[in-house]
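The block underneath contains the structure these notes are about, expressed in structure tokens.
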Amino acid sequence: MSESLSALMALSSAFGRFNKKIDRALSVHGISFTEFQVLEHLAQSPNLMMSRIELAEATNLTASGITRLLMPMEKIHLIEKEKNSRDARVSLVKLTAAGTEIYQDAAVTSQNCSNSLTQDLTAKQVDQLHLLLSKLG
């Protein structure tokens, strides 16, 4: 097996372990890590609002995948749909007050979880990891 394939398999394995751990941690807030990522992107966007297409791209989901993810989030009032005043074909997704509260609580949990997962790395190693992963993306 080549070094590059071995490295990508190790990355996939590490991501799988991370995903399980953070999903377990975020379950106390009633959300998954993917749902947290949606809340994060909305919280960081102007007017706490993005189009479904922008969210799909930001979370690496398909258009149908983001639609399936957003439906239960809308039912529990974390997000709401808003019509685009410029283009009726494009629906916007907006973070609600309840979504903001869950996001803020889940952000603390996510930070604690990521600190736990990287505790054996130095700050320089974490920076290097971030740089390397950014280059892959």
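The values are calculated or read from the model by the stated rules, or taken from the named source; none is laboratory data. Bear in mind the structure is a predicted one, so any value in this text is a computation, not a measurement. No Cβ is skipped: glycine too gets one built from the backbone with ideal geometry, and neighbour counts run over all protein chains shown.
Once region 60-102 is narrowed to residues that are among the β-branched types (V, I, T) and touching a His at 6+ places or on another chain (Cβ under 7 Å), the residue that is surrounded by the most Cβ atoms within 10 Å (Cβ to Cβ) is I102. Just so you know, in region 35-59 the residues that are closer than 21 Å to L129 by Cβ and at pLDDT 95 or above include one that is surrounded by the most Cβ atoms within 10 Å (Cβ to Cβ), and it is F36. Here K94 meets each of (1) within 30 Å of S4 (Cβ to Cβ); (2) touching a helix residue (DSSP H, G or I) at 6+ places or on another chain (Cβ under 8 Å) with one exception, condition (1).
Listed by first and then second residue, the pairs linking a residue in region 1-21 that is within 20 Å of K135 (Cβ to Cβ) to a residue that is surrounded by 11 or more Cβ atoms within 10 Å (Cβ to Cβ) and of a type in the set (F, W, Y), with Cβ atoms under 9 Å apart and 6 or more places separating them unless they lie on different chains, are F18/F33.
K81 - would you say it is outside any helix (DSSP H, G or I), more than 20 Å from D23 (Cβ to Cβ) and among the basic types (K, R)? When the stated conditions are applied, K81 passes them. V28 falls short on exactly one of the conditions (1) over 16 Å from the mean Cα position of the chain (by Cα); (2) surrounded by 17 or more Cβ atoms within 10 Å (Cβ to Cβ); (3) of a type in the set (A, V, I, L, M), and that condition is (2).
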